[in-house]
Amino acid sequence: MRKLIAGLALIALVMLSISATRDTFTSDLKAGFTLGDPDIASINKLTFGPEGILFMGDTKSATIYALDTKDITPKEKGDEIRIEGFDKKLAASLGTSTDDVKIYDMAVNPISKSIYFSVSTTDGTPVLLKLKGEKLENVPLKNVSYSKIGLVDPVGLEAKDRRDRPLRVWAISDLKYHNGKVLVSGLSNKEFSSTFRSIPFPFSESQDYATLEVWHAAHGQFETFAPIKTFDIIQIEGKDYLMASYTCTPLVLFPLDELKNGVHTKGRTVAELGSGNSPVDMISYEKGGKQYFLMSNTNRPVMRFKHESIAGYKDAVTEPVEEFAVAVGVPYDNLPFPYVLQMDNLDPGNVVYLQRTANGDLLLRSRTTKWM
Amino acid sequence: MDVIRPIKILKKIRLVLVFFCFAVFFWSCQSAIEPKNIEVLYKEGKAVAVSFNSGAGPEQLGIFLEGEKRFPVLGDLTKSRGKHTFTPVVPFSKNQTYEIRYLGETLESFTIRSEENELAPEILNIYPTRDTVPENLLKMYLVFSQPMQQVGNALDFVRVFDETKQKEVKVFLELESELWNAEHNRLTLWLDPGRIKTDLIPNREQGLPIKQGHRYRLEIDQGWRDANGNALKESVSKRFYVGSRDVGKPNPKGWEILLPKSGSKGVLKLNFGEPLDAILAKESIAVYSDSGEPIEGELDLISKEKGIKIIPVNNWKKGKYKLLINSRLEDLSGNNLNRLFDRDVDETVSDPSPEKVHKISFRIE
């Protein structure tokens, strides 16, 4: 009997120590996280990294936050979603009308397949919401585990200049996590230029920023200085490239390893995608062993590019465009989804998107990539 | 029969008593649950919470928008000494009525009053302020008297009419992320850069957003609200005429400097010879002593952004000074000190290491 009790006690002790270890376990990525109030001023862009870490781009305070969502229960497949009047439901959940809310971004946690939304209200209060069934949950932004990094910007004219000059507001236009780095593109609210940042994660003091230039289309005679609106990473022959879409429509490739601190890098334009349009989101998915990229736009339907078309396009777009109103370079298909405001991968076989329908309704729905 | 009747009466009385007890019990419960002393708590003019007394548990209560059946307002409901406090995730909206519900049934409602004496927002400036702009104008800035709404639909309130052609035209690029300053009282609008860049497809298809020789009218709708939900004091319109293309970089070497005398707080004036970007001009130029100490002072735009004046805090001393200009400074067409917005690579030799800061030396006697 004594042996049995001792044995049971030993098992209980082992179980207790295992659960204690699990509770206090902190991965290397979260080692530098602190518990507290990150003081977030706005959440303009969202993207998930590993281990349920949500990266948030805050334009107002020119800061990137990494939030430990602790949302790490794996799920293989996302729920099938079709929610009509999504903005009305979201506004009701925030106790206000649709005129007083704006959905800034949407991101899917690749582990739990939960969908997160960053929302702003009229007075600028930033809100992070998570979809649960048809309802939304508030994700607290205070007393959380996080780390953050301010976006470095050389401001003073001279090294001695330490006066308070106005901060350069840098609207974070896209944010992605790739191979241990947080990649950030931005739009300045003053000068018209393009800077792209690569920030190692876990955050340290270091960050690289490169200015990006485009040799542009048509007759190949002009250089384009313009800010990147959205981007993704594409691998071609074993090498990573930044595939950037600009505010004035060119689609441009930059070798990722050439984007280094203070270096002025020239990209290769592979497509020009038409007028009056600003790209919104870019994602990729695989189907039948082939990779595809999807790009949503402010004034165009969702465009689909085949990886093989981009990889196989060895030229820069340099030939004169003879035919009127025809986009040049890498071919693409227009998918029948106009006014897609937000888009992300739900799971390997589905995407989720937020679409303004013809009758003005805001629809959140998932769709299999089988038919895309 | 005579014996049975009193028994029936007794039964009836008992039934009525039981019913009465139930009614009293239900009424007292209901009365205990009924929210009382409803008070909206304000902080810096915002309705940040509501408190009330009720015997119900927090999990049985919910706050809903008036008429909304399914989606309760998100927030924290806490109970302390019989008093509930509900703090919504975002402050309650003005003039909006909310319902307090117990197990789905509306018990009470409250309405958020609007603040009195709130000033309506106004447009202070529209840059460029002059009435003639180059045909390759890249940006316009709208400066407001107070922070504006942060729900991102600025272009719903901005219209441009081509008065020469008598039709409304679309000239600004629709951006998913609007370009406001941190205080949210200044908006940058880009004229579609794809249409300005020579030979890009949008430029070939549609031409420049604004045409040389045409007159335009920019209209700002009065319905544009500020961060407190108040609409603009009035609609604003600005007429402008489109002149020729600006194809040169700003050149500080050609700028005229009007110098003050030493021993005074005289104004130093700088004349650019052309209008420059109003916001960048104020932030890209500074005066330093010869030894590199910044000269403190106030810097203002003059001559409709064709120059600036600097009023020092302290008297000018006799000696050498330098004016430093960040190369990011742009003219109205996006040309900065180092490069043109629209650069023909056949004609331009790229400078591999352009100056980040341009310098003008001068002497005060």
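The values are calculated or read from the model by the stated rules, or taken from the named source; none is laboratory data. Owing to the predicted nature of the structure, the values given are computational and were not obtained by experimental measurement. Quick reminder, even Gly has a Cβ in these numbers, built from the backbone with ideal geometry, and neighbours come from all protein chains shown. Keep in mind that these areas ignore ligands, DNA and RNA; they rest on the heavy atoms of the full protein, side chains included. Shrake-Rupley method; radii C 1.70, N 1.55, O 1.52, S 1.80 Å.
The share of C-alpha pairs in chain B whose separation exceeds 24 Å stands at 72 percent. Taken residue by residue and averaged, Cβ atoms of other chains lying within 10 Å of the Cβ of B:85-93 number 6.
Shown is the FRET efficiency for A:N299 and B:E355, computed with R0 = 45 Å from the Cβ-Cβ distance and rounded to the nearest 0.05: 0.70.
Straight Cα distances below 19 angstrom link B:K233 to the lysines B:K94, with same-chain residues fewer than 8 positions distant left out. Only one residue of B:V133, B:I201, B:F157 has its Cα farthest out toward the positive end of the dipole of region B:123-243, where Lys and Arg carry +1 and Asp and Glu -1 on Cβ, and that residue is B:V133. Listed by chain and number, the aspartates and glutamates whose alpha-carbon sits under 15 Å from that of B:K261, ignoring those within fewer than 8 places in the same chain, are B:E365.
Stretching A:T34 away from A:K88 to a fully extended chain increases their span by 15.9 nm, per 0.36 nm per residue minus the current alpha-carbon distance. Within a 10 angstrom radius of each residue's Cβ in B:187-198, how many Cβ atoms of other chains show up on average? Whole number is fine. Neighbouring Cβ atoms belonging to other protein chains average 6 per residue here. Tell me the relative contact order for region B:123-243 as a rounded percent, counting alpha carbon contacts under 8 Å between residues six or more apart. Relative CO of region B:123-243 lands at 32 percent.
Taking only the C-alpha atoms of region B:60-120, Rg followed by Dmax gives 13.0, 41 Å. Applying a threshold of 30 Å to the alpha-carbon distances of A:K190/B:K318; A:K287/A:K314; A:K229/B:K170; A:K45/A:K260 flags A:K190/B:K318 as lying beyond it. Note on A:D361 and A:D240: the model spin-label points, each 7 Å out from Cα along the C-beta direction, lie 4.1 nm apart. The angle separating the long axis of helix B:4-33 from the principal Cα axis of greatest extent in chain B is about 20 degrees. Relative to the current alpha-carbon distance between B:R14 and B:V236, full extension at 0.36 nm per residue lengthens the span by 72.2 nm. Hydrodynamic analysis of region B:252-364 uses the Kirkwood radius over alpha carbon pairs. Inserted into Stokes-Einstein at 4 °C and 1.567 mPa s, it gives a translational diffusion coefficient of 87 µm²/s. Other protein chain C-beta atoms within 10 Å of residue C-beta, averaged over B:202-209: 4. Counting only residues at least eight positions apart within a chain, or on another chain, the lysines with an alpha carbon under 19 Å from that of B:K69 are A:K88, A:K89, A:K132, A:K135.
Summing both sides, the accessible surface hidden between B and A at a 1.4 Å probe radius is close to 6700 Å². One compactness figure for region A:40-150 is 1.04, namely its Cα radius of gyration divided by 2.2 N^0.38 Å. Each label was represented as a point 7 Å from its Cα along the Cα-to-Cβ direction; for A:D79 and A:I233 these points are 3.1 nm apart.
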